[in-house]
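Trainee: The structure that follows is given in the form of structure tokens.
The values are calculated or read from the model by the stated rules, or taken from the named source; none is laboratory data. Please read all numbers here as calculations on a predicted model, not as lab measurements. Note: ideal-geometry Cβ built from the backbone for every residue, glycine included; neighbour counts use all protein chains shown. Ligands, DNA and RNA are excluded from the accessible area calculation, which covers all protein heavy atoms including side chains. Shrake-Rupley method; radii C 1.70, N 1.55, O 1.52, S 1.80 Å.
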2 protein chains.
Amino acid sequence: MASEQLKVNGDRLNTTLQSTCSRWGALATGTGMCRLTLTQEDKDIRDWLVAECKSIGCEVKVDQMGNIFAVRPGTAKNRKPIAMGSHMDTQPAGGRYDGILGVQAALEVLRSLHENHIETHCPIALIDWTNEEGARFPGAMMASGVWSTKSSTPLEACWATQDKDKVHMKDALQEIGYLGETPCNHRENGLECHFELHIEQGPILEKEDKSVGVVTSVQSMKWFAIRVEGVEGHSGTTPMPSRADALVTASRLITAVRDSAFQTALGVATVGVISCDTSSQATIPAGVNFIIDIRCSTDAMVEQLSTHTFAAFDDIIAQEKNGTSYRIERSWGLPESIFHPRCIEAVRVSAISQVGKGQVMEMKSRAGHDSAWTSKVCPTSMIFVPSKDGISHNPGEYTSPTHCSLGAQILLDTVLHYDAKVKSEDF
Amino acid sequence: MASEQLKVNGDRLNTTLQSTCSRWGALATGTGMCRLTLTQEDKDIRDWLVAECKSIGCEVKVDQMGNIFAVRPGTAKNRKPIAMGSHMDTQPAGGRYDGILGVQAALEVLRSLHENHIETHCPIALIDWTNEEGARFPGAMMASGVWSTKSSTPLEACWATQDKDKVHMKDALQEIGYLGETPCNHRENGLECHFELHIEQGPILEKEDKSVGVVTSVQSMKWFAIRVEGVEGHSGTTPMPSRADALVTASRLITAVRDSAFQTALGVATVGVISCDTSSQATIPAGVNFIIDIRCSTDAMVEQLSTHTFAAFDDIIAQEKNGTSYRIERSWGLPESIFHPRCIEAVRVSAISQVGKGQVMEMKSRAGHDSAWTSKVCPTSMIFVPSKDGISHNPGEYTSPTHCSLGAQILLDTVLHYDAKVKSEDF
């Protein structure tokens, strides 16, 4: 079978990308997307996806974290699937490409295989990973982390996670009918390898005028949930020198997070969420919670930047000397992930064959992805396509239809390339 | 009638204070109180209060803002009521005295008058003012402000105010059955004068070892709703120098609010509430809202401190130079309120007669009160009793049973003193 001749239907892919978004979770802007994990919108797209996959001959399994595995059988016995995974959930005001492109392209690959009656050696799987964004239930790449068994937050702890309305994740899974029985564990539900097509979410491909990124690693990330405490009081009657204002102290710490990233130039550091115990303008806040997100090329650099940040925190607490304090309530992270040479090679060969060497570059991912977790337990690589102006997690996120189709074609070629290698027992 | 002989039942007052709190809105701490305005807890205490007042011969009116006027008739025709007003709503984690003492003491006064068959010249009214705290619907002392017609937020605007779940205040009033038909306007539903017993909510009485404060004025206050805007982006892929992080800028502004209050020494300034558009740790915040609360002795000092604060804001925006910006979305306030000499005199005479000159001090209120608004349209004064450690808006708020009873007794004496003066046409 000559994989070079097999084409994905780019028009259908692009039409489906837009129509499923405008049907389920469209923002008022008409461009962005809001599909928080395990909401009604997520159920709708999941139900649709499962039906589509079944209609083209896939067997569908749902695991304990709601991850959907749609598997198209291969000819070989005893071979695990070659997987194409990503996610369908978005940020509260996200775009229509982050994650979604990877799943829709995987569906398009399955459709091409089905319509062209291609028999593969290994089974070929599409995976929709649950709660990649961590936007509803805190903990990004949560379900692929559980599956890999390498995350510091195991199944039961994830199930117990609550959204801002105190809904437990396990209840949310049950509520939409996606609390499956398949073990969420790579040992019992394993993969031959994992490929993921994703938008870059950064400006590099566009700036370098390249069409495709061959992703070789994912940078190291760490999150810290911080609690700042002070003493509640009346905003009119408590003299300034008698105050222990948790919000003022938190404000200084948040500024220090940013300043530490600048001062060390080791990576990036962000506070994306904050909440204050009080909800009254007339009360001095006694408690504030926020989450720090630190990302650097290596684990050691994350460690260095964290240390610098918390030293700055200690200085601020010492300066304030008013009884306010902070503590790290929880920390979790994703260590630096180095992708597998065999998978990187499959992506590289496929990309170059589509657009030529000059249009392809190797790169590191600065965003986290489910592939970072899969890479800990099975060979993995990713394909990046350009993001307009590097914008992501924003309704303005955009990748051209041409690049979406190109990515899907490379995903198809990569899967067939890898399958052929397995069949020929090259590895 | 010798008012000196008429006694309130202090034990009953203190029992009622605690039992109504532990029945409706008790915090888990066992001491504090959570009765946000117009909630089920508020409906329960209102229903109870109305029934109690009716059982002792009061006529009850509810106005368009849900203010309850329970009026015990007097002998004079054409006299407006001498009012004893305060509020039953609390902060989300408030105490059992702030506002509540004033209403319960007023009820105790009415009970004493009833049980002793006292005939007054003027009608005597108890008032429960709606949403004094502004903790559920933003805008403290909201309903007394509407009644006075001097607030910058009139009836319709108050009705349109939303709580954090987007419930409109008018619907909340209707929901609990307290959207009355009596005009919320002092011209159509007027008062002879207004007295309010309240805890000090500050440390002065305790520090000076006094039992009673005769309140002569309320300090000036102003609130500013601030919106900070930046640009949303991915926390992993957006380089530090390309960021317009609204939360970092907001953090610097909040710190500047505190610093301005210290630098100018003109008064106090607080940010009690903050909310961030994003709810994802992986997104750079594009929008943050917060409210500044500024309080000084005079309107001019509030103006000076505001000017200093916003000049500091402008400096920060200029330093950041990253595209983040702020704007004042709304400002509202309560100008300095000078109480009426006749009312101050009634409180002074009654207080001294109870505890002697050495235990009484004249003072300014540093917290806002409904009395500040009533003072704009009818003679007003307040009675303060000590707050343990000056703590308020906190479950640790405490005023001793002795001081609660003393306050109620002085409230009774004050009302009778004022009534006698009116009767003798002294004024």
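Trainee: Which count do you get for residues in the range A:1-49 that are of a type in the set (A, V, I, L, M), loosely packed, with under 14 Cβ neighbours inside 10 Å and in contact (Cβ under 8 Å) with a residue 24 or more places away in the chain? Quick ask: steps written out before the conclusion?
Mentor: To start, the set of residues in the range A:1-49 that are of a type in the set (A, V, I, L, M) comprises A:1-2, A:6, A:8, A:13, A:17, A:26-28, A:33, A:36, A:38, A:45, A:49.
Imposing the further condition that a residue be loosely packed, with under 14 Cβ neighbours inside 10 Å reduces the set to A:1-2, A:28.
Still in the list and also in contact (Cβ under 8 Å) with a residue 24 or more places away in the chain: A:1.
Residues that pass the stated criteria total 1.
Trainee: Further question on the same structure: Could you tell me which numbered condition A:Ser405 fails, if it satisfies all but one of (1) of a type in the set (S, T, N, Q); (2) open to solvent by 10 Å² or more (accessible area, probe 1.4 Å); (3) more than 14 Å from every other protein chain (Cβ to nearest Cβ); (4) not in a helix (DSSP H, G or I)?
Mentor: So A:Ser405 meets the others, but not (4).
Trainee: So, one more: Can you tell me which residue within the range A:302-330, out of those that are open to solvent by less than 40 Å² (accessible area, probe 1.4 Å) and of a type in the set (Ser, Thr, Tyr), is farthest from the other protein chains (Cβ to nearest Cβ)?
Mentor: Restricting to residues being open to solvent by less than 40 Å² (accessible area, probe 1.4 Å) and of a type in the set (Ser, Thr, Tyr), the top hit is A:Ser306.
Trainee: Name the single residue that is modelled with the lowest pLDDT among those in the range A:236-275 being farther than 21 Å from A:Ser331 by Cα and touching a Gly at 6+ places or on another chain (Cβ under 6 Å).
Mentor: Among them, the one singled out is A:Thr237.
Trainee: For the range A:166-183, enumerate the residues that are within 19 Å of A:Gly85 (Cβ to Cβ) and open to solvent by 10 Å² or more (accessible area, probe 1.4 Å).
Mentor: If the condition is that a residue be within 19 Å of A:Gly85 (Cβ to Cβ) and open to solvent by 10 Å² or more (accessible area, probe 1.4 Å), then A:Tyr178, A:Gly180, A:Thr182, A:Pro183 are the ones that fit.
Trainee: Residues in the range A:5-43 that are part of a helix (DSSP H, G or I) and either closer than 20 Å to A:Leu110 by Cβ or not assigned by TED's automatic domain parsing to the domain that holds A:Ser353 (or both): how many?
Mentor: Qualifying residue count for the region: 13.
Trainee: Just to be sure before I move on: is B:Trp373 in a helix (DSSP H, G or I) and within 16 Å of the chain's Cα centre (by Cα) in the structure I sent?
Mentor: The answer is yes for B:Trp373.
Trainee: Return only the number of the condition from (1) more than 9 Å from chain B (Cβ to nearest Cβ); (2) surrounded by fewer than 24 Cβ atoms within 10 Å (Cβ to Cβ); (3) under 28 Å from B:Phe262 (Cβ atoms); (4) in contact with a Pro (Cβ under 8 Å, 6 or more places away or on another chain) that A:Asp299 does not satisfy.
Mentor: So A:Asp299 meets the others, but not (3).
Trainee: Right, next: Which one of these does A:Ala367 not meet: (1) within 14 Å of chain B (Cβ to nearest Cβ); (2) under 18 Å from A:Ala408 (Cα atoms); (3) of a type in the set (Gly, Ala, Ser)?
Mentor: Going through the list (1) within 14 Å of chain B (Cβ to nearest Cβ); (2) under 18 Å from A:Ala408 (Cα atoms); (3) of a type in the set (Gly, Ala, Ser), A:Ala367 breaks only (2).
Trainee: Same structure again: In this structure, does B:Gly202 turn out to be within 7 Å of chain A (Cβ to nearest Cβ) and either open to solvent by 10 Å² or more (accessible area, probe 1.4 Å) or touching a strand residue (DSSP E or B) at 6+ places or on another chain (Cβ under 6 Å) (or both)?
Mentor: No, not satisfied.
Trainee: Can you list the strands (runs of 3 or more DSSP E) found entirely within the range B:208-289 that contain at least 2 residues being at the interface with chain A (Cβ under 7 Å from one of its Cβ atoms), of a type in the set (A, V, I, L, M) and open to solvent by 20 Å² or more (accessible area, probe 1.4 Å)?
Mentor: Working: elements: B:212-218, B:220-229, B:267-276.
Fully inside the range B:208-289 and qualifying: B:267-276.
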